[in-house]
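Below: one structure, written as structure tokens.
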Amino acid sequence: MTRSHPRHRRTVRTLGIAALLLGLSVPVPASALPAAPGGEVAGTSSVAVPASCGPTAAGSFPVANGPTAEDDRRALTAALDRLSGAVGAEIGVLAQDAEGRAVFAHHPELSGMEASLSKVPLALTTMRLAAERGGRLTQQQRALIRDSVHESGNESTSALYGALGPTVSAMEGEINETYDLMGVTSTRSSGGWGHNLTTASDQLAVLGTVVRGADWLPEEDLAWLREQMRPGHPSQTWGVGSRRAGASAPSDSLVKNGWLPDAGGAWDAHSVGRVATGGTAHHVAVLGSGYATAACGQDVATAVVELYLALGAG
């Protein structure tokens, strides 16, 4: 998928900086590489498979990048395919710019259990209902949302869900109305929170609502919710949240992570959020299904974000 705005060429030095964050290496010196028009060069790096994915997956593989942004994007696609094969899981990635225009996609059709990602739509639904009833979030609701979103607390999430209506059908209906208002097309609340399927595009629609606002939500409440999505709690400092120190300003970094085992014991692990690099904001959704452990899925999500920022975000 092509970008909707011009892409810049990337040098080996740029990749080398990003490599330090991921455990990539750039073993071939720039002076030994063939020059490209404009004096830019191609490069070779290696991607380390997270040790948490088991001894059979451990190791690394080479990635040939540059000299152009198009070459980097092809390298990113190839690296994601090899990483997926190494860990035995499916990986989907979708990235958008701050206005919601797609800039990179890799198996964006992949669906996975929403897990704790559903805590953001639940918070938005609670905010919407409070506004419709002529009020604002109560202190109790704020306490529950903070624990649910910032610390990924499950008991507080269940309490928020149960307060949406007198029956499960009513609760589902309220969340699905919020999905409709956000332009979410595939994700539907069913049978409680967290076990329904979702997609990367739906999750970026949710993130876009949080970042850009909506006329059915009080901006003051949205600003407060964004504060709860700052990556500080350990449950949120992997995937997109691992880049909190690299953001141009703390307010640029937002994240919600989710992970859940399926009926067979394999894990889904997803990370959705906003990160800024070089003064440019990126909205990124990484969905993964079929991991042997939650730790493997979380480490892979972090590696995928770093790969995207090193190769696909120029």
Inset, instruction - Keeping all protein chains in position, work out how much accessible area Thr167 exposes to a 1.4 Å probe, and write it in Å² to the nearest 10. - result: 70
Inset, instruction - Taking amide H positions as placed in the peptide plane 1.01 Å from N, state which residues far from Asn65 in sequence (5 or more) or on other chains have amide H under 5 Å from it. - result: Gly43, Thr44, Ser45
Inset, instruction - Could you calculate the contour length gain from Phe61 to Thr185, that is, 0.36 nm times the residue separation minus the distance between their Cα atoms, to one decimal place in nm? - result: 40.9 nm
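Once a ≥ b ≥ c are taken as the square roots of the eigenvalues of the Cα gyration tensor of segment 173-314, is the result rounded (a/c under 1.5), prolate (a/b larger than b/c) or oblate (a/b not larger than b/c)? The partial results should precede the final answer.
Values: a/c = 1.77, a/b = 1.01, b/c = 1.75.
Verdict is oblate for segment 173-314.
From largest accessible area down, sort His195, His150, His270, His107; use a 1.4 Å probe on the protein chains.
Numbers: His195 125, His150 25, His270 0, His107 90 Å².
Accessible-area ranking of His195, His150, His270, His107, largest first: His195, His107, His150, His270.
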Inset, instruction - Give the accessible surface of segment 169-291 per residue, rounded to a whole number of Å², with probe radius 1.4 Å and ligands, DNA and RNA excluded. - result: 36
Legend entry - Shape call, segment 132-238: gyration tensor on alpha carbons, a/c limit 1.5: rounded
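The values are calculated or read from the model by the stated rules, or taken from the named source; none is laboratory data. The structure displayed is predicted, hence computed values, not measured ones. Please note that ligands, DNA and RNA were not included when accessible areas were found on the heavy atoms of the full protein model with its side chains. Shrake-Rupley method; radii C 1.70, N 1.55, O 1.52, S 1.80 Å.
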